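What follows is a single structure, and I will ask about it in a moment.
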Amino acid sequence: MLTHQSTVVATRALLTAQGGSPDDFGTTSPPVNFIAPTFTIHCVPVNVNAWSASVQLTQPAHEGDNQAFHLGPGLHSTNLMFWNGSLTNFVAGPGNRRIYVEVSQAIATDSQHAEEEHCRDILRAYDITLRAVQNAVQAAVTGGPYVAASQAGAIQAAKQAIVNGLHPRLQAVFQQASLPNGYNMALLGQGLGRLYLDICDLSQGRDAQGWHYFEPDRTGESWSVWSWTEYAGAKVLPGWAHQGVFGEVKDIRKLVRGPHFSVNTTPSNAIIVL
């Protein structure tokens, strides 16, 4: 099933194991194991002057499965450092310090909400693609049979009953899989699956706009008790001893919202469209 909620994980390693990048604070996977609906069109003669076609749903649509995770509060590593006042990728070298970020409960909640926006986007993508097709097929099932003077005419009436009212992008997928006696179900399923994933990908526009972006505090290092312990150790102990007790010498910063951060503002129906 598609998830509606993001699950908190305690460490960077656990998030990376779930598919998160080393600098992400949450991750939502695209759907897998989804199924496009399948159906048949059965056509029989009524009499010498008429044919009757009926639609039968043979496989209901399935939304598939996915997962969402976000980092909980704590001190978490990044692959970043500050160099000459600019934020850049961490490179090991004399005086270079990897940025570790302190994630507060408030920021962890923001991250949770960000991933759950992606969850809602994917749920909507299913609603307007595979579910919409299943609803159209089911309506054609109950609306039949479709009678015409010829076999071809009856089949065409049944096909029109399915696609009428569907979005043009869905209709185009049906057209590409059309056969004289119905549809190539394998080709139709492939086309609908690709469209489903393409519409899911629109959710990444939120990230591209910076709406889900967090960054280390650029104004200065953290002054928390945690960071004081780290910095005191760095001042008192020689480098090799500090490494043994505290690990690498860290640049500890609070994680803050990016300048364009926005969650629970733009609904899925404004982002996820055909």
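The values are calculated or read from the model by the stated rules, or taken from the named source; none is laboratory data. Predicted, not measured: the structure shown is a model, and the values here were computed from it. Here the Cβ positions follow ideal geometry from the backbone for every residue, glycine too, while neighbour counts run over all protein chains shown. With ligands, DNA and RNA removed, areas are computed over all heavy atoms of the protein, side chains included. Shrake-Rupley method; radii C 1.70, N 1.55, O 1.52, S 1.80 Å.
Only one of (1) over 30 Å from Gln5 (Cβ atoms); (2) exposed (fewer than 15 other Cβ atoms within 10 Å of the Cβ) fails for Ile41. Which number is that?
Of everything listed in (1) over 30 Å from Gln5 (Cβ atoms); (2) exposed (fewer than 15 other Cβ atoms within 10 Å of the Cβ), Ile41 misses just condition (2).
Looking at the range 81-96, can you tell me whether even one residue there is in contact (Cβ under 8 Å) with a residue 40 or more places away in the chain, of a type in the set (S, T, N, Q) and open to solvent by 50 Å² or more (accessible area, probe 1.4 Å)?
Initially, the range 81-96 is screened for residues in contact (Cβ under 8 Å) with a residue 40 or more places away in the chain, giving 81-82, 87.
Add one more test, that the residue is of a type in the set (S, T, N, Q), and what stays is none.
The answer is no, given that none of the residues of the range 81-96 is in contact (Cβ under 8 Å) with a residue 40 or more places away in the chain, of a type in the set (S, T, N, Q) and open to solvent by 50 Å² or more (accessible area, probe 1.4 Å).
Moving to a separate point now. May I ask you to list pairs of residues, at least six apart or on different chains, whose Cβ atoms are under 6 Å apart, with the first in the range 168-183 being surrounded by 14 or more Cβ atoms within 10 Å (Cβ to Cβ) and the second being part of a strand (DSSP E or B)?
So the pair list comes out as Ala177/Tyr183; Gly182/Ile41.
Among all residue pairs at least 6 apart or on different chains, which show Cβ distances below 7 Å where the first residue, located in the range 195-214, is in contact (Cβ under 8 Å) with a residue 24 or more places away in the chain and over 17 Å from Ala125 (Cα atoms) and the second is small (Gly, Ala, Ser) and surrounded by fewer than 20 Cβ atoms within 10 Å (Cβ to Cβ)?
Pairs that qualify, where the first residue is in contact (Cβ under 8 Å) with a residue 24 or more places away in the chain and over 17 Å from Ala125 (Cα atoms) and the partner is small (Gly, Ala, Ser) and surrounded by fewer than 20 Cβ atoms within 10 Å (Cβ to Cβ), are Gly210/Gly258; Trp211/Ser262; Tyr213/Gly258; Phe214/Gly258.
Something else now. Any idea which residue in the range 70-79 is nearest to Ala161 (Cα to Cα), counting only those that are out of contact with any Leu (no Cβ under 6 Å at 6 or more places or on another chain) and open to solvent by less than 50 Å² (accessible area, probe 1.4 Å)?
Among those residues, the one meeting the criterion is His70.
Taking Pro145, is it surrounded by fewer than 16 Cβ atoms within 10 Å (Cβ to Cβ) and farther than 30 Å from Asn269 by Cβ?
It is false that Pro145 is surrounded by fewer than 16 Cβ atoms within 10 Å (Cβ to Cβ) and farther than 30 Å from Asn269 by Cβ.
Would the range 235-250 turn up any residue that is surrounded by 15 or more Cβ atoms within 10 Å (Cβ to Cβ) and either modelled with pLDDT of 90 or more or of a type in the set (Lys, Arg) (or both)?
Yes, some residue in the range 235-250 is surrounded by 15 or more Cβ atoms within 10 Å (Cβ to Cβ) and either modelled with pLDDT of 90 or more or of a type in the set (Lys, Arg) (or both).
So how many residues does the range 97-126 have that are more than 20 Å from Glu221 (Cβ to Cβ) and buried (at least 16 other Cβ atoms within 10 Å of the Cβ)?
Of the residues in that region, 17 qualify.
Here's a follow-up. Which members of the range 188-220 meet the condition of being open to solvent by less than 60 Å² (accessible area, probe 1.4 Å), farther than 30 Å from Lys159 by Cβ and assigned to a helix (DSSP H, G or I)?
Hits for the range 188-220 are Ser203, Gly205, Arg206.
Quick one: how many residues across the range 59-79 are more than 30 Å from Val249 (Cα to Cα) and of a type outside the set (Gly, Ala, Ser)?
Number satisfying all stated conditions: 7.
Regarding Ser227, is this residue open to solvent by less than 20 Å² (accessible area, probe 1.4 Å), hydroxyl-bearing (Ser, Thr, Tyr) and either touching a Pro at 6+ places or on another chain (Cβ under 7 Å) or modelled with pLDDT under 95 (or both)?
yes
Taking only the range 44-62 into account, find how many residues are open to solvent by less than 30 Å² (accessible area, probe 1.4 Å) and in a strand (DSSP E or B).
Residues in the range 44-62 being open to solvent by less than 30 Å² (accessible area, probe 1.4 Å) and in a strand (DSSP E or B): 4 in total.
Looking only at helices (runs of 4 or more DSSP H) that fall completely inside the range 74-187, which ones have 2 or more residues that are within 27 Å of the chain's Cα centre (by Cα) and modelled with pLDDT of 95 or more?
Of the helices (runs of 4 or more DSSP H) lying wholly inside the range 74-187, those with at least 2 residues that are within 27 Å of the chain's Cα centre (by Cα) and modelled with pLDDT of 95 or more span 105-128, 130-143, 168-176.
Now, a different point. List the pairs whose first member sits in the range 28-52 and is touching a residue at least 24 places away in the same chain (Cβ under 8 Å), whose second member is aromatic (Phe, Trp, Tyr), and whose Cβ atoms are under 6 Å apart, counting only residues at least 6 apart or on separate chains?
Short answer, once both residue conditions are applied: Cys43/Trp51; Pro45/Trp51.
Okay, moving on. Just checking, how many residues over the range 20-61 are hydrophobic (A, V, I, L, M, F, W, C) and under 18 Å from Val163 (Cβ atoms)?
Residues in the range 20-61 being hydrophobic (A, V, I, L, M, F, W, C) and under 18 Å from Val163 (Cβ atoms): 8 in total.
Determine, yes or no, whether Ser268 is among the small types (Gly, Ala, Ser), open to solvent by less than 30 Å² (accessible area, probe 1.4 Å) and at pLDDT below 90. Steps first, please.
Numbers: among the small types (Gly, Ala, Ser): yes; open to solvent by less than 30 Å² (accessible area, probe 1.4 Å): yes; at pLDDT below 90: no.
For Ser268, the condition - among the small types (Gly, Ala, Ser), open to solvent by less than 30 Å² (accessible area, probe 1.4 Å) and at pLDDT below 90 - is not met.
From the set of residues in the range 2-38 that are polar (S, T, N, Q) and modelled with pLDDT under 95, which is surrounded by the most Cβ atoms within 10 Å (Cβ to Cβ)?
Gln18
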